[in-house]
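Read the structure below first, then the notes.
Every number here is computed from the coordinates shown, using simple stated rules; none is lab data. Small disclaimer: the values here were computed from a predicted structure and weren't measured. As a convention, Cβ positions derive from the backbone with ideal geometry for all residues, glycine included, and neighbour counts pool all protein chains shown.
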Amino acid sequence: MIKIANPKLRREKDGAIALINIVFLMLIFFLIAGTIVPPIDNQVSPILSKVENNAGLENTLSVRADGSTFYLGNPYTPADFVEEFLRDSENAGKPVRVLADKDLSALQLIEVVNQLQSAGAPSVRVIAERAGT
Amino acid sequence: MRIELDQRRRKYPSLTSLIDIIFLLLLFFMLSSTFSKYSEVELTAARIGSGTSADRPELFISLVGKNWRINGEVADFSNALEILSRYQSDTKVSAILRVNETVSSQTLIDAVELLNQQKITVTLVR
């Protein structure tokens, strides 16, 4: 019996295994350390805060520095936003969130909060980014 | 003549497809995840006719720029706490917070957070 060596066996896979190890470690790091959030308005620089309570970012109306309000990238009035929010029966009793620009005039922010409450939002919370982490 | 091919050939499937998938997963998680954390502050704006004389607030605070006025006393962010501690009591303290047009949202939220830490209920008016 004659054994014929398979030349394909001699391929170099040591480099590939090292690469896969690193990529795998990075994958696990991002899986654990990062959290997936719904996209937030990139024209808003959020208010900074030192208070620690983890907030979700669902149902967030963003208010830009000039006072214009957006929901998921589209211009929305606070009243329309609340109407859409309340149309989903799962949202009953849940808070409405506002992502306000830190340079927005406080009067305009209060005006938006007022409009959200008048439109029937159960409670209004303002989102702030955790500072100094 | 019987020729026996090397059997070890089938032990390792190609790594390239595995790398492809892992690389795609890595790219997805790198782009979609964020490391910034968010917190939230509840705001209540005053509504017409919502108050009764029974729950008259103990504190009237107005913000002008970075300055505070607590029941007439002028303060700023650093010594506001000192003045507020004088109004502390066992019962719930409520406050009316009024801002003018020079105040930014950042200053407003800082003030509301400070008041909430002192267990003071805040109602915003314009």
Name the most mobile residue of A:ASP41, A:ASP88, A:ASP101, meaning the one with the largest mean-square fluctuation, in a Gaussian network model of chain A with Cα contacts below 10 Å.
A:ASP88
Residue-averaged 222 nm ellipticity for chain B, from DSSP H runs of 4+ at -39500 (n - 2.57), nearest 500:
-9000 deg cm²/dmol
Could you work out how far helix A:14-33 tilts from the main Cα principal axis of chain A, as a 0 to 90 degree angle to the nearest 10?
20 degrees
Using each residue's phi in the stretch A:88-99, evaluate 6.51 cos²θ - 1.76 cosθ + 1.60 at θ = phi - 60° and report the 3J(HN,Hα) Karplus result to the nearest Hz, with x for Gly and Pro.
7, 5, 5, 8, 4, x, 7, x, 9, 10, 10, 9
Scaled radius of gyration (Cα, divided by 2.2 N^0.38 Å) that the protein assembly as shown gives
1.57
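Quick check: residue separation of A:LEU86 and A:SER123 times 0.36 nm, minus the Cα distance between them. What number comes out in nm?
Stretched out fully, the A:LEU86 to A:SER123 stretch lengthens by 12.1 nm.
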Using Cα atoms only, what is the angle between the long axis of helix B:105-117 and the major principal axis of chain B, expressed in degrees (0 to 90) to the nearest 10?
80 degrees
Fluctuation leader among B:THR102, B:THR16, B:THR44 - chain B, Gaussian network, Cα springs under 10 angstrom:
B:THR16
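Within chain A, what percent of beta bridges assigned by DSSP are antiparallel, to the nearest 5?
Expressed as a percentage, antiparallel bridges in chain A total about 30.
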Over 21 Å between C-alpha atoms is what I'm after, so list which of A:LYS102/B:LYS119; A:LYS50/A:LYS94; A:LYS102/B:LYS37; B:LYS37/B:LYS92; A:LYS94/B:LYS92; A:LYS50/B:LYS37 land there.
A:LYS102/B:LYS119; A:LYS50/A:LYS94; B:LYS37/B:LYS92; A:LYS94/B:LYS92
For the stretch A:31-133, shape from the Cα gyration tensor axes a ≥ b ≥ c, cut at a/c of 1.5 then a/b versus b/c, turns out oblate
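With r defined as the distance between the Cβ atoms of A:ASN21 and A:ASN54 and R0 fixed at 35 Å, what FRET efficiency is calculated, to the nearest 0.05?
0.60
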For the Cα atoms of chain A, what angle does the longest principal axis make with the long axis of helix A:106-118, in degrees from 0 to 90, nearest 10?
90 degrees
